[in-house]
Amino acid sequence: MSGASMRPFDELDVSPLEFWSTTMEERDKTFSVLRRERPLSWHRPMQGGLLAPDIDGVWVATSHELIAEVSKKPEIYSSAQGINMEDLSEDIVEAASSMLGTDPPKHGSLRKVISSAFTPKRVSLIQEQIEGQAARIVDDLLKEKEGDFVKLVSKRLPMWTVFEMLGLEEELREETALHAEELVSWNDDDVAAGRQPMELLNGALVSLLTIGMEFAGRRRAEPKSDLMTALVQAEVDGRKLTDDEIGSFFVLLSVAGNDTTRNTTTIAARALQDFPVQRALLMEDFDGRIGGAIEEFVRWTSPVMSFRRTVTEDTVLGGHDLLKGDWVVMLYTSGNRDESVFVDPWKFDITRSPNPHQGFGGGGPHFCMGNFVAKMQLRAIFDQLLHRAPNLRVGDPDFLTGSFVRSVKSMPCTVD
């Protein structure tokens with residue numbers, strides 16, 4: 001019997017899929033006790049269809065402090081062996097995670113090459129495109145009057161931004177977005193539609209990789225003024241991205257670039273309705289307050305709820321002895337409600353300052369490099385919604401089941 005298997009599991013069990021089917025408010029009743037009394041705790045392996053049978057359990061970090069510590073020490077807490085609470089093969093991790101599933105120095109090298117493609121000229125063009133597309137989305141919303149807010153509004157801008165930025169042909173965009181959605185939804189029965197979790201995951205991943213690699217091949221043969229062309233041509237210190245790396249980054253951008261901003265838009269729209277005083281405060285000085293409001297949108301939503309790391313050497317964290325090979329799960333959804341960091345964390349407050357949320361990661365080398373694009377999109381879409389559709393009303397969101405992303409499948413809306 002290993003040392004890990006002899007540890008007693010915490011009485012507050014966060015591993016069942018049923019736990020992750022409850023509301024964020026319900027889950028935080030458990031997290032708040034863990035944050036206060038035992039911010040690092042040992043739990044049963046997470047339930048789901050992708051669990052490896054030889055995993056004894058997982059350490060769960062619920063406090064803002066411990067999440068930040070794990071995030072900032074990649075030499076001790078590795079991303080290269082997987083980032084999900086479920087176990088995935090090394091091939092899937094590498095293909096699906098791109099930079100998220102790498103450690104320094106490879107992570108820094110990849111990040112440097114990819115960052116070189118985001119020139120000031122390209123960033124300026126992206127901003128203009130986002131603002132124009134946000135206006136067109138609200139044009140359509142005002143014509144439709146009612147429907148699903150996710151389909152009519154929040155899904156459209158990030159999907160358009162990512163694929164327009166890359167230069168992906170329009171006829172491939174809906175299919176690509178669908179596979180990206182499937183890639184983070186393996187535990188949701190509605191999305192799975194009778195498929196087994198691994199079947200869903202593999203199918204979506206293979207489809208995205210195929211689309212991405214074929215797309216890169218077209219841009220090598222016929223360069224254009226888009227991000228994919230920049231990626232296939234980018235070179236830093238004599239290094240170019242390989243086909244596998246480009247395919248993996250295409251998967252990452254399709255998923256992260258779509259899902260996180262879409263869900264932040266959806267949940268923030270509901271929050272502005274639920275907290276009318278905050279909405280009024282934002283409208284009093286939109287330009288002056290939208291920057292701080294966006295930070296609160298991200299904290300409030302916590303669109304990525306969890307990432308994990310693998311311990312590379314025996315160490316101590318939060319007063320506990322961790323063994324090489326142990327898993328540590330960082331619950332950003334808990335860190336963003338940490339009472340020791342955020343005053344009245346369940347108050348939606350657009351003036352919150354400071355706001356050291358962990359919505360873009362807990363710091364360290366894996367801090368989200370696309371956060372500036374997400375902020376552009378959130379600013380543009382809420383500028384349009386709040387000024388041109390002031391009578392927008394939204395209903396109750398229907399959330400995806402899972403422990404990875406806080407995703408909204410649908411949310412009814414009307415514009416009077």
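Listed here are the residues, each with its yes/no results for (1) out of contact with any Asp or Glu (no Cβ under 6 Å at 6 or more places or on another chain); (2) at positive phi.
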position: His320; (1), (2): yes, no
position: Leu331; (1), (2): yes, no
position: Asn336; (1), (2): yes, no
position: Thr351; (1), (2): yes, no
position: Asn355; (1), (2): no, no
position: Gly361; (1), (2): yes, yes
position: Pro365; (1), (2): yes, no
position: Asn371; (1), (2): yes, no
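Residues in the range 112-143 that are surrounded by fewer than 18 Cβ atoms within 10 Å (Cβ to Cβ), part of a helix (DSSP H, G or I) and either touching a residue at least 24 places away in the same chain (Cβ under 8 Å) or in contact with a Phe, Trp or Tyr (Cβ under 7 Å, 6 or more places away or on another chain) (or both): Lys112, Ser115, Arg122, Val123, Gln127, Gln129, Glu131, Ala135, Leu142. Cβ-Cβ distances below 6 Å connect the following pairs, each with a first residue in the range 349-365 that is under 14 Å from Glu65 (Cα atoms), a second residue that is at pLDDT below 95 and assigned to a loop (DSSP other than H, G, I, E, B), and a separation of six or more residues or different chains: Gly361/Phe367; Gly361/Cys368. Can you confirm whether Arg309 is part of a strand (DSSP E or B) and under 30 Å from Leu66 (Cα atoms)? When the stated conditions are applied, Arg309 passes them. Within the range 58-80, residues that are at negative phi sit with their Cβ atoms under 7 Å from residues that are of a type in the set (D, E, K, R) and in a helix (DSSP H, G or I), at 6+ positions apart or across chains, in these pairs: Thr62/Arg35; Ser63/Arg35. Set side by side, the residues Leu241, Leu272 differ, and just one is surrounded by 14 or more Cβ atoms within 10 Å (Cβ to Cβ) and outside any helix (DSSP H, G or I), which is Leu241.
Does Leu252 meet the test of being closer than 25 Å to Leu201 by Cα, modelled with pLDDT under 90, aliphatic (A, V, I, L, M) and not in a loop (DSSP other than H, G, I, E, B)? Taking the combined requirement at face value, the residue satisfies it. Restricting the range 299-346 to residues that are hydrophobic (A, V, I, L, M, F, W, C) and farther than 24 Å from Gly82 by Cα, the residue that is nearest to the chain's Cα centre (by Cα) is Trp300. Being part of a helix (DSSP H, G or I), under 23 Å from Ala271 (Cα atoms) and more than 16 Å from the chain's Cα centre (by Cα) is a description that applies to Leu152.
Among the residues that make up the range 313-323, is at least one of them part of a strand (DSSP E or B), surrounded by 20 or more Cβ atoms within 10 Å (Cβ to Cβ) and not charged (D, E, K, R)? Yes, the conditions are met somewhere in the range 313-323. Being modelled with pLDDT of 90 or more, out of contact with any Ser or Thr (no Cβ under 7 Å at 6 or more places or on another chain) and farther than 27 Å from Asp237 by Cα is a property that holds for Val138.
Right, Arg388: out of contact with any Cys (no Cβ under 9 Å at 6 or more places or on another chain), buried (at least 20 other Cβ atoms within 10 Å of the Cβ), among the basic types (Lys, Arg) and touching a residue at least 12 places away in the same chain (Cβ under 8 Å) or not? Spelling it out, it is not the case that Arg388 is out of contact with any Cys (no Cβ under 9 Å at 6 or more places or on another chain), buried (at least 20 other Cβ atoms within 10 Å of the Cβ), among the basic types (Lys, Arg) and touching a residue at least 12 places away in the same chain (Cβ under 8 Å). Selection of strands (runs of 3 or more DSSP E) fully inside the range 375-416 by the criterion of at least 1 residues being within 30 Å of Leu201 (Cβ to Cβ) returns 408-410, 412-415. For the range 193-232, filtering for residues that are at pLDDT below 90 and not in a helix (DSSP H, G or I) leaves 6.
The values are calculated or read from the model by the stated rules, or taken from the named source; none is laboratory data. No experiment lies behind these values; they were computed from the predicted model shown. Backbone-built Cβ (ideal geometry, glycine too); neighbour counts: all protein chains shown.
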